[in-house]
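The values are calculated or read from the model by the stated rules, or taken from the named source; none is laboratory data. Predicted model only: the values in this text are computed from it and were never measured. Don't worry about glycine lacking a Cβ; one is built from the backbone with ideal geometry, like all the others, and counts go over all protein chains shown. In case anyone asks, the SASA skips ligands and DNA or RNA and just uses the protein heavy atoms, side chains included. Shrake-Rupley method; radii C 1.70, N 1.55, O 1.52, S 1.80 Å.
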Amino acid sequence: RQGAAAPAVGPRGGAFYKDDGPGDNPPDLNAITDAEPRVEAMHRFANNPYSVFGVDYVPLRALTPFKQRGIGSWYGRKFHGQRTSSGEPYDMYGMTAAHPTLPIPSYARVTNVATGRSVIVRVNDRGPFHSGRVIDLSYTAAWKLGYANVGSTQVEVELLTPDAIVAISQQRQAARIAAAGDRNAGV
């Protein structure tokens with residue numbers, strides 16, 4: 001992914017990159033759930049050291065504890081459908097992210113520091129390559145964190161370790177069982 005253009009004013013008064021705002025008919029963003037974390041095999045090439053704009057990056061090759069604070073931004077329509085570093089097409093309505101050094105693929109919890117809102121995204125791309133920015137989220141992930149209309153905000157990024165992935169999976173399974181029980185009890 002290459003660097004984006006300068007911010008422009010969005011149709012709802014917020015800021016986004018020129019030609020990079022949401023599509024004309026977005027899906028129901030409230031219905032889009034967080035990424036479902038799982039341990040996946042590392043991409044064969046996307047985790048090799050690389051250089052962008054004269055800066056060298058050495059991606060992590062394991063799901064080890066990692067936390068980082070900084071500016072989170074997002075990318076949308078301008079990149080929608082283009083190949084990510086993982087080779088998958090970018091979906092601005094998915095729950096994905098670009099990070100300079102987190103393993104591809106991996107999962108991260110991203111929290112808006114100002115509001116405490118969190119989402120879980122699948123890291124499948126490289127970027128952002130702007131000074132001070134630590135992660136680029138899909139449009140939907142940024143929208144769920146409440147900053148799509150302003151373009152960027154202070155976030156905390158936490159890589160999910162295998163233990164965290166198992167715990168989240170167990171919590172979600174328990175919630176599904178409880179919800180099914182509630183539905184059955186009402187019949």
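Observations on the model:
- Sequence-distant residues sharing a close amide H with residue 43 (under 5 Å, placed H): 104
- Exposure ranking of 152, 86 by accessible area [1.4 Å probe, largest first]: 152, 86
- Cα gyration tensor shape of the chain, rounded if a/c is under 1.5, else prolate or oblate by comparing a/b with b/c: oblate
- For the chain, the relative contact order comes to 28 percent (Cα pairs under 8 Å, sequence separation of at least 6).
- Antiparallel bridge percentage (DSSP; both residues within segment 37-187; nearest 5): 75 percent
- Ordering of 168-176, 139-147 by packing [mean C-beta count within 10 Å, highest first]: 139-147, 168-176
- Residue 130 accessible area, assembled protein chains, probe 1.4 Å, Å²: 70 Å²
- Overall form of segment 35-103 per C-alpha gyration tensor (a/c, 1.5; a/b vs b/c): rounded
- Under-5 Å amide H pairs with residue 79, H placed in peptide plane, nonlocal only: none
- Surface share of carbon and sulfur [accessible, 1.4 angstrom probe, percent] for the chain: 53 percent
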